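> Below you will find the structure I want to go over with you.
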Amino acid sequence: MAWKTIKWPVYHLFAIALAVLMLYPVLWMLMSSFKESRLIFVTAESLLPDKWVWSNYADGWKGTAGYPFMTYIWNSLVIVVLSTIGAVLSSSLIAFGFARLSFRGRNLWFALMMVTLMLPHDVVLVPQYVIFTKLGWLNSIAPIVVPQFFGIPFFIFLMVQFIRTIPRELDEAATIDGCGKLRLYARIILPLLRSSLATAAIFSFYWRWEDLLGPVLYLNSPDKYTVSMALKMFLDSESTSNWGAMFAMSIVSLVPVIALFFAFQKHIVQGMATSGLKG
Amino acid sequence: MKRRMLGLLAAVTLASTALSACSSGNDAPAGGSADDPVSLRIAWWGSDSRHAYTQQVIDLYTSKHPNVKIDVEYASFDDYWKKLAPQAAAKQLPDIVQMDISYISQYAKNGQLAELEPYLNNQIQVGDVSESVLGTGLLGGKQYGIPIGVNVLGFHYDPELLKKGGIDSIPADWTWEKYEEMARQTGSKGLYFDSGFAPDIFFNYYLRTKGETLYNEEGNALGYDDDKLFTDFFRIQADLVKEKALRSPDYLNQIKGVLEESDLVKGTGIGVFQWSNQFVGLQKAAARPLALAPMMGPDMEKGIYMQPSMYWAITNNSKAKEEAAKFIDFWVNDVEANKIIKGERGVPISSAIKEAIAGELDEPVKQVFDFVSEMEPKASPMSPPPPTGSPEVIAALADLIEELNFGRITPEQAAASFRKTASEVLAANK
Amino acid sequence: MLKRNTALRNDLTGYAFISPFVIGFLAFTLIPMFISLYLSFTSYNLFSAPRWIGLDNFVKMFTGDPKYMNSLRVTFLYVFVGVPLRLMFALFIAMLLNNGSRLIGTYRTLFYLPSIIGGSVAVSIMWRNIFGSEGIVNSALIAIGLGPVSWFGDPNAALGMLVTLSVWQFGSSMLIFLAGLKNISPEMYEAAGVDGAGPARRFFRITLPLLSPIILFNLIMQTISAFMTFVPAYIISKGEGGPMDGTMLYSLYLFRQAFMFNNMGYASAMAWVMLIIVGIMTAVLFFVSKYWVFYESEGGR
C-alpha cells in the first residue's frame, strides 16, 4: 500500500532528475545564447549568464551576408516538408510490398536495399553528382528532395518490422470483404502503422533539417542556402565569430523540430492498443 | 570487365561534359564583342563579413559592366573544398575560383585551372605587381593563379602581457635560444609565451633559414637530407611542453579552432606565431592593442617569404575566360573596389593600390600593412607551392608532432617515421 | 496455367508496390555503386583518369597502413561498446515513459531533445566544454574521488567520450521502442495469464518477445549506423581523429582519404571492405534472429 502512494512522486522525481542530467548540455547551449558573444567562452563553466542579453537573437535573426535568417528557414522548410512527405509515403508503400506480399525476388531486393545502407556514402557521392548534373538538377533542391520519393531504407525496414507485428487475421478479414491489395494497404495496414509513420516523419524531418552535405554540394546560389549552412556562416575560423548569434539561431532552428515532435509524438503512442482494431 | 567499367565511367563523364556545355552560366561565345551579355560564376570561402563585402565589389563591377551577370557561390573553408571536388569531377567548376596554396597544385596539375599567361597585361594588368609576388602563382613555370594578397610570418603579441611576464620587448634580432629563454621566463610567471607552431609551416621556415626546404623543387621528395634539422627544431617545443612552459597538446586539442578560447584572447598567453592576415581577426577577438614582431633567426631573411593569402584562378571549364580575367583585373587594380576590400584578403599585390588605400585603413589593418612593407624587402623568394599529396604529408607530420609533444616518441623516431611516410606519398608525383 | 497466372499476378503486384525503390535504385544508386567498386581497383585522385592497379589498395590496407588497422580497431570498439549501451538505455527510458502520466508528452520531448541538437557546431563546442579539463564531467569525477580524466589527451578516454555522446543521443532508438511498446495491447498480458505477475516476469514473458522484431530492427540499424558513424568523431576532433587517432573512426579515415588526400581509389576500396564487414555482421544478426525474434503475423517462430 505504501508503495502505491509514493509511486508517482518517486517516478516524477526520478524522471526529472534523469532529464536534468540529460539536458544539461542543452541548457548550456540555451544559456550561452543569452550571454554576450565574447563572454561565452570566458564564462563557459558557469551555466547562468551574469547579464542576460537578448541581442544575440535580434542579431542572428538579421541573418548573414545580406539574407535575413527567415530566408534560410523558409528554404529549409520547403526541402524538409517535401522530403518528409515523399519519404514516408513511398517507404510505407514499399514496406507493405516487402512485408505482406510474396513475389519472386523479394528477398533479393530486400537484401539489396540493406546493402545500400552499408556502403559509405562518400564513395558514391561523386558519381551521383555526375548523374544529377546530367539531369540538369544542379543548383536546385531536386537532388536532395527527389530521391526521398523512392523510399528510404531505414523507414522501409522499420515499417516492415511493424507490419510483421500486425496479425494476419486482419488481412484475411479484409480479403474476404473483397479488398484489393491497394485497399488492404490503405484501409487496414496504413491506419495501424500510424505509430511508425509518425516515427518516420519525425526522423525524416529532423534528418533533412540538419543535413549539411546535400545543400553544400547541390545548392550554389546563396538565396537557396539552408539553416544548417547559415549557422556555419556566423563562424569564422580566422577571426572573431558571432558565437552569440550562432547559439541563438541554433536554438531558434530547434523550434520547428521540437514543434513537429511534440505534435507527432501523440501518434507514436496511439499504437494498435488504442486504435480500436485489436488483434 | 575492366574495360567496360572504364567505358561506363567515361560515358558518365563525357555526358556530363556535354551537358555542362549547355548549362547556364557558360554559354557566352568565346571572343564575342565586348558588350555581349555574359554570365560568370565565382566561388570563394570565408565568413559572413567577407561574403558581404565581396558581394559589394561584384555589384560595383556589374554596375560598371551592365552586360555581365555574376553568380556567386560561397561556403566555409572545409565545405568549400567538399563542394569543389565533385564540381571538378563533373566539369562543373565556376569560372573563377578562389584557391588556397595547399590546393592549387592539385587543381593545376590535373588540368582544372587555365594558364593565365595570355591574359597578363592584356586583360589583367600586373605592371604594379612585383615579380616575386606574381611569381607565387607559378607552378612549373606556368602562371595558374593571381595572388589576391600577401602574407608574411611573424609573432603577434600583447606588449602589456609581455611586460607582465617580465620581458620589456621582443629583441630586434632574436634567436631560437632567446625564444626558449623567454618562454621559460614567462612560463614561470604563469603566462604561456605562445600557442605552438603549425608544424609544416614553421618547420619549413626553419629549414629555409638553414638553406633547405620541406619539399624539393620537383615536389616528389623531401627537400632536406639531414634529420638532425628535424630533431633540433621539434625538440625545442617538445622540451618546453615537458617543462610546462607551453600548453600541453591535450589542452590545445580541446580549444582547437575556437579563437575566443586561445590563451592570448583569454589573457593567459602572450602571443601567437602566425600569418600576418590573421592579425586583424586576432586583434578583434582580443580587443586589446597587439603588436607584430618579426620571426626569430638567425638568418630570418632567408627564412621569411611573401606568401599569397589566396589566389584567384580561372578554370579550364570556363567558357568566358577573358571576361573572368577582366574581373580579376578589376579586383587587383581598381581603387574603388579595394576601398571596399580594405585588405581583408591580405595586403594588396599592386603597389599603386596599396598607396591609394593606405589612408582608408583601420588601425590593426594599418599595422599589418606596415609590417608587411617592412618585411617585403628582406624576404627571400617563396619555395614552390606545396606539391600534390602535401595534405597527407602535413597530416602525418601533425600526428607525429602530437605524439612527440605527448612524450610518446622521441624526436629521432618522429624524424625517421616522417621521412618514411612523406617519401612514400611524395614518390607518387614522380 | 491458372497457377502460373496467379504467380505472375503476385509478382506484378509485389513489384508494383516496391517499384519506387527499384526505380530509385536503378536510377541513382546502382551505377554509382558499380563505379565505386571499379574505382577500388584503381588509383584515382578525382581529377585525372583512374589508373588500374589491381588489388594494391586492398594489400596496402591490410599490410602497409597501420592507421587503417587502428581505425578498424577503434570502430569495432565503438560499435561493440556503444550499441549495446545505447540500446539498453533507450529501452530503459522507453519503458519508463510508457505509462499514463499526464506529463508524459513533456517528458518524452525532454528526453528526445538531446538527439535533435545533433551534429551542429553548437554541439561540438558544448561537448568540448563539458569534457574540458575544467568542465562539468571532470568536476564531478573529482568530487567523487576519481580524479580528472584527460579526455582530449588519452586516445581511449576520447573514444569513451565518443561512446558517451552516442549513448546520450539515444532518442531515435527510444522512439522506436516506444512505438513498439505501444503496439503491445493490454489484452496480450491478460491472454498470457501473467496479468498479476511481477514486473520482471511480465517483461521477460510478454514484453520482450512481443518487442523482439523491434529490438532486431534497432539492433541491426544501430549496428550499421555505428559502423558508419562520422559526425561526432568529426566535430569533436575537428576532423583530425585525434588525440593520437583515438577517435579515428573508419568513416572519418575514409573521408580523409577521399576528400582531404584525394585518394578516391583507396577510399573506395575501404568502402567496399566496410560493406563486406557490415554485410557479414548484418547477415549474422538476421540469421540468429530466427532463434529469438517472435513475429505475431507469422504465428510465432
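Values in this text are rule-based calculations from the coordinates and carry no lab data. Just so it is clear, the model here is predicted, and its values are computed rather than measured. All Cβ positions, glycine included, derive from the backbone under ideal geometry; neighbour counts span all protein chains shown.
> Before rounding to the nearest 500, sum -39500 (n - 2.57) across all DSSP H runs of length at least 4 in chain C and divide by the residue total; then give [θ] at 222 nm in deg cm²/dmol.
The helix contribution divided over chain C gives -21000 deg cm²/dmol.
> Can you sort B:ASP370, B:ASP78 from fewest to most other Cβ atoms within 10 Å of each residue's own Cβ?
Details: B:ASP370 14, B:ASP78 17.
Ranking B:ASP370, B:ASP78 by Cβ neighbours within 10 Å, fewest first, gives B:ASP370, B:ASP78.
> Something else about it: Work out, in µm²/s and without decimals, the Stokes-Einstein translational diffusion coefficient of segment C:46-198 at 10 °C, 1.306 mPa s, Rh from Kirkwood over C-alpha pairs.
Estimated diffusion coefficient is 81 µm²/s.
> How many partner chain Cβ atoms sit within 10 Å of a residue's Cβ in peptide A:257-267, on average, as a whole number?
Taking the mean over all residues of the peptide, I get 4.
> How high is the FRET efficiency from C:PHE34 to B:ASP168, r the C-beta distance, R0 45 Å, rounded to 0.05?
Given R0 = 45 Å and the Cβ-Cβ separation, E is 0.05.
> A further question follows. What's the average, rounded to a whole number, of partner chain beta-carbon atoms within 10 Å of each residue's beta-carbon in A:146-159?
Taking the mean over all residues of the peptide, I get 4.
> Using the count of nearby Cβ atoms within 10 Å as a rough guide to exposure, how do B:THR388, C:THR106 rank from fewest to most?
C:THR106, B:THR388
> Net charge within 12 Å of A:TRP74 by Cβ-Cβ distance, Lys/Arg positive one each and Asp/Glu negative one each, not counting A:TRP74 itself?
0
> Ranked from highest to lowest mean number of other Cβ atoms within 10 Å per residue, what is the order of the peptides A:41-51, A:251-261, B:311-321?
On the way: A:41-51: 13.9, A:251-261: 18.4, B:311-321: 23.9.
So the peptides A:41-51, A:251-261, B:311-321, ranked by packing, come out B:311-321, A:251-261, A:41-51.
> Could you list C:TYR107, A:TYR24, A:TYR72 so that the one with the fewest beta carbons within 10 Å of its beta carbon is first and the one with the most is last? Could you put the intermediate results ahead of the total?
Working: C:TYR107 19, A:TYR24 16, A:TYR72 26.
With the sparsest Cβ surroundings first, the list reads A:TYR24, C:TYR107, A:TYR72.
> If you don't mind, there's one more thing I want to ask. 7 Å from Cα along Cα→Cβ at both A:LEU213 and C:TRP292: what's the point-to-point distance in nm?
Reported label-point gap for A:LEU213 and C:TRP292 is 3.1 nm.
> Considering the options C:GLY135, C:TRP151, C:TRP168, tell which one lies farthest towards the positive end of the dipole of segment C:130-241, charges being +1 on Lys and Arg and -1 on Asp and Glu at the Cβ, about the Cα centre.
Of C:GLY135, C:TRP151, C:TRP168, it is C:TRP168.
> Kirkwood hydrodynamic radius (Cα pairs, Å) of segment A:22-120?
18.4 Å
> Where does each of C:264-276, C:6-18 land if you order them by average Cβ count within 10 Å, highest first?
C:264-276, C:6-18
> Still on this structure, please answer the following. So if we plug the beta-carbon distance of C:ASN10 and A:PHE262 into 1/(1 + (r/R0)^6) with R0 = 45 Å, what FRET efficiency do we get, rounded to 0.05? Write out the running numbers ahead of the final one.
Numbers: r = 42 Å, r/R0 = 0.94.
Step by step, r from the Cβ atoms, then E = 0.60.
> Counting alpha carbon pairs within less than 8 Å and at least 6 residues apart, what relative contact order, in whole percent, applies to chain A?
Here the relative contact order equals 30 percent.
> Positive end of the charge dipole of chain A (Lys, Arg +1 and Asp, Glu -1 on Cβ, about the Cα centre): tell me which of A:TRP8, A:VAL81, A:LEU212 has its Cα farthest that way.
A:TRP8
> May I pose another question? For chain A, give the magnitude of the charge dipole about the Cα centre (Cβ charges: +1 Lys/Arg, -1 Asp/Glu; no others), in debye to the nearest 20. Please report the intermediate quantities before stating the final value.
Working: 21 positive and 14 negative charges, 214 e Å.
Charge dipole, chain A, about its Cα centre: 1020 debye, nearest 20.
> Put a dot 7 Å past each Cα toward the Cβ at A:THR43 and B:ARG408; how far apart are the dots in nm?
Here the answer is 3.8 nm between the modelled labels.
> Turning to a different aspect of this structure: What is the Cα coordinate range of the protein assembly as shown on the first, second and third principal axes, sorted by size from largest, in whole angstrom?
Principal-axis extents of the protein assembly as shown (Cα, largest first): 93, 71, 55 Å.
> Work out the length of the dipole vector of segment C:34-144 about its Cα centre, built from +1 on the beta-carbon of each Lys and Arg and -1 on the beta-carbon of each Asp and Glu, and round it to the nearest 20 debye.
180 debye
> In Å and from the alpha-carbon atoms only, list the Rg and Dmax of chain A.
23.4, 72
> Specify whether the C-alpha gyration tensor of segment C:61-298 places it in the rounded, prolate or oblate class, a ≥ b ≥ c being the square roots of the eigenvalues: rounded for a/c under 1.5, otherwise prolate if a/b is larger than b/c and oblate if not.
oblate
> Excluding residues on the same chain fewer than 8 positions from B:LYS64, give the lysines whose Cα lies under 26 Å from its Cα.
B:LYS64 reaches B:LYS319, B:LYS321, B:LYS326, B:LYS339, B:LYS342, B:LYS354.
> Would you calculate the volume per residue, in Å³, of the smallest convex hull containing every Cα atom of segment B:263-402? Don't skip to the answer; put the middle values down first.
Working: hull volume 23.2 nm³, N = 140.
Residue-normalised Cα hull volume stands at 166 Å³.
> Using DSSP H assignments, which helices in chain A have an axial alpha-carbon span of 27 Å or above and a mean Kyte-Doolittle hydropathy of 1.6 or higher?
Helices passing the filter in chain A: A:243-269.
> Taking each residue of B:294-303 in turn, how many C-beta atoms of other protein chains fall within 10 Å of its C-beta, and what is the average? Kindly include the intermediate steps, with their values, before the conclusion.
Working: counts 0, 0, 0, 0, 0, 0, 0, 0, 0, 0.
Across the residues of B:294-303, the mean count of other-chain Cβ atoms within 10 Å is 0.
> Using the beta-carbon distance between B:SER130 and B:GLU218 and R0 = 22 Å, what value does 1/(1 + (r/R0)^6) give for FRET efficiency, to the nearest 0.05?
Working: r = 26 Å, r/R0 = 1.17.
Here the calculated transfer efficiency is 0.30.
> What residue among A:ILE189, B:LEU207, C:PRO20 has its Cα farthest toward the positive end of the dipole of the protein assembly as shown, where the charges are +1 on Lys, Arg and -1 on Asp, Glu, each on the Cβ?
So the residue furthest toward the plus end is A:ILE189.
> Let me know the charge dipole size of chain B about its Cα centre in debye, to the nearest 20, where only the beta-carbon of Lys, Arg (+1) and Asp, Glu (-1) is charged.
1040 debye
> I need to check one value: relative contact order of segment C:61-298, counting alpha carbon pairs closer than 8 Å and at least 6 residues apart, in percent. Present the calculation step by step, with values, prior to reporting the outcome.
Working: 237 pairs, mean separation 65.6, N = 238.
The normalised contact order for segment C:61-298 reaches 28 percent.
> Where the centre of each part is set by its Cα atoms, how far does segment B:383-430 sit from segment B:231-264, in angstrom?
Here the two parts' Cα centres lie 19 Å apart.
> Here's another thing I want to ask about it. Quick one: which of B:47-59, B:83-95 comes out on top by average Cβ neighbours within 10 Å, and what's the full order, highest first?
B:83-95, B:47-59
> For a quick check: with amide H placed at 1.01 Å from N, whose amide H comes under 5 Å from B:THR175's, ignoring anything fewer than 5 positions away on the same chain?
B:GLY297
> Mean residue ellipticity at 222 nm from the helices of chain B, using -39,500 (n - 2.57) per DSSP H segment of n ≥ 4 over the full residue count, to the nearest 500 deg cm²/dmol?
Rounded to the nearest 500, the figure is -14000 deg cm²/dmol.
> On to the next question. Given only helices, namely DSSP H runs of n ≥ 4 each adding -39500 (n - 2.57), what is the per-residue ellipticity at 222 nm of chain A, to the nearest 500 deg cm²/dmol?
-20500 deg cm²/dmol
> Same structure, new question: How far apart, in nm, are two points set 7 Å out from the Cα along the Cα-to-Cβ line at B:LYS244 and at B:ALA398?
Roughly 2.8 nm, to one decimal.
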